[in-house]
Ligand code: G6P
Ligand code: ZN
């Protein structure tokens with residue numbers, strides 16, 4: 001074992017979802033090692049503990065995996081489980097941690113951010129429940145990165161990541177496992193594959209865009225092999241280190257090809273996509289886009305149709321900027337609804353405590369207590385299960401849902417790569433103005449309340465403050481302003497717009513039209529153009 005001297009790097013603070021930086025930053029000598037050693041120093045693995053390592057296959061994945069294996073062995077781990085080819089989707093990694101009772105895992109991904117030598121990389125630590133480390137742990141890791149002066153590693157050659165089996169690295173057993181099998185089996189236990197297969201045999205068609213990212217092998221095994229969808233159903237199914245030069249973010253902008261297909265005459269019944277590391281999902285029916293917030297609500301309302309959820313849900317949790325559509329479902333089911341800060345890690349305690357069964361976020365994440373990450377293919381399969389049992393189209397299901405619960409028109413406007421000072425100034429000025437907003441008229445809208453969202457975790461009693469600025473209007477409309485915690489360049493301002501139309505109201509209109517007053521109000525309240533010079537968002541999702 002060698003003890004390598006090192007000095008701290010600045011800025012190794014994990015964001016919404018781990019440490020994310022440009023590949024070039026990670027390539028600096030000792031950069032990844034410092035962070036990984038800080039993780040090990042904080043979590044202090046028991047001798048012989050099991051560690052899971054896997055990533056989304058992006059550029060630099062294999063290099064960091066080899067570094068991490070040598071360091072895990074030197075830090076006393078007894079076994080490392082690593083996905084073949086260095087591949088594990090984020091939900092599959094969560095499952096492996098739980099299934100093999102690992103003490104935790106390192107997930108190497110920058111999620112939906114582009115990959116390649118000039119693009120992004122990331123490292124995230126997940127704890128024994130399979131979920132992202134809570135803030136107490138990530139804060140301690142960050143603190144440790146600021147004083148770190150050595151890291152431990154064995155001086156051993158790279159292992160063969162492509163061959164299944166177990167090898168020894170020092171006293172540590174390193175097992176290369178099939179990244180897909182356990183996950184696919186789990187899906188088969190949760191969902192009614194026989195009924196979905198029958199629907200496929202009866203003519204149900206779909207298109208799944210894996211975006212050259214990690215879900216390709218998972219989707220091919222599950223959708224084409226186990227469920228019988230036609231070969232070619234999975235598009236862009238081979239993971240590439242640079243995702244084919246695309247942004248592996250399943251939204252209307254970056255999954256445009258799928259979108260165009262789903263709104264064309266040639267559209268199959270069902271369309272879906274997932275992101276770089278397989279935890280996000282996009283759901284688009286034939287000629288019908290389903291917002292992530294609506295998807296959460298619709299899945300929750302129908303989940304009992306899948307075997308894994310037949311006994312009903314304990315509760316539904318959503319992040320604060322996610323629309324309140326799911327709250328209405330919870331109310332009608334007579335179960336609690338939870339509102340957490342952005343970031344999947346905030347669902348962990350609720351899931352562990354059995355208080356929530358299904359969770360979701362506006363950022364295209366949906367999942368349940370089957371793992372402790374959001375899960376793109378899980379959402380796709382639950383949708384398929386529901387459509388197959390109800391023998392209904394996505395569009396018809398959506399319309400019936402809105403007719404029963406009302407509709408939360410929703411959009412998110414992103415202003416990307418803003419100078420940090422501008423974004424901070426905008427947020428500071430808006431925050432300072434919140435107290436005077438109630439009662440104020442903004443166009444045709446009247447402010448009811450306004451606050452800075454703070455979350456009190458009902459399980460561990462911890463508080464997370466400053467989680468976004470909310471302006472709520474009379475009638476249930478709302479604007480939320482937040483700075484992204486996942487960017488790697490400057491600041492990204494997210495403006496979340498939501499308008500509620502009750503049962504019997506205008507349920508079949510175009511979203512931009514329905515949100516026009518809110519869009520104008522957002523600029524009036526926050527001075528977006530005044531602070532940033534921007535007159536339109538970069539991305540609307
Ligand atoms: C990641 C997290 C999500 C979060 C999303 C958006 O995907 O896992 O929980 O909702 O990032 O975060 P951001 O801070 O960029 O809005
Ligand atoms: Zn992701």
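Values in this text are rule-based calculations from the coordinates and carry no lab data. All values derive from a computational prediction rather than experimental measurement. Reconstructed Cβ throughout: ideal geometry from the backbone, glycine too, with neighbour counts over all protein chains shown.
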Descending principal axes extents, region 1-141, alpha-carbon based, whole Å:
36, 33, 29
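Sort 121, 481 by Cβ crowding within 10 Å, fewest neighbours at the top. Display every interim value, and only then the final one.
On the way: 121 30, 481 22.
Lowest count first: 481, 121.
Taking the radius of gyration and the Kirkwood hydrodynamic radius from Cα positions alone, what is the Rg/Rh ratio for region 392-541, to two decimal places? Intermediate values should be presented prior to the final figure.
Working: Rg = 16.7 Å, Rh = 16.7 Å.
Using only Cα positions, Rg/Rh for region 392-541 is 1.00.
Starting from the Cα gyration tensor of region 79-160, take the square roots of the eigenvalues, sort them a ≥ b ≥ c, and report rounded, prolate or oblate (rounded when a/c is under 1.5, otherwise prolate if a/b is larger than b/c, else oblate). Walk me through the numbers on the way to the answer.
Working: a/c = 1.16, a/b = 1.08, b/c = 1.07.
Taking the square roots of the gyration eigenvalues as a ≥ b ≥ c, region 79-160 is rounded.
Report the convex hull volume per residue for region 205-250, counting only C-alpha atoms, in Å³. If you can, show how the numbers build up before the last one.
On the way: hull volume 2.7 nm³, N = 46.
Here the figure is 59 Å³ per residue.
Quote the convex hull volume per residue of the chain, based on C-alpha atoms, as a whole number of Å³.
Normalising the Cα hull of the chain by residue number yields 139 Å³.
Take the alpha carbon atoms of region 133-229, find their radius of gyration, then divide it by 2.2 N^0.38 Å using N residues; give the quotient. Walk me through the numbers on the way to the answer.
On the way: Rg = 20.9 Å, N = 97, 2.2 N^0.38 = 12.5 Å.
The value comes to 1.67.
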Expressed in nm², what is the orientationally averaged projection area of the convex hull enclosing the Cα positions of region 431-470?
3.4
Just to be sure I understand the model, the point goes 7 Å from the Cα along the line to the Cβ. What's the resulting residue 197 to residue 46 distance in nm?
4.1
Point-to-point label distance, residue 416-residue 474, nm (Cα→Cβ direction, 7 Å offset)
3.9
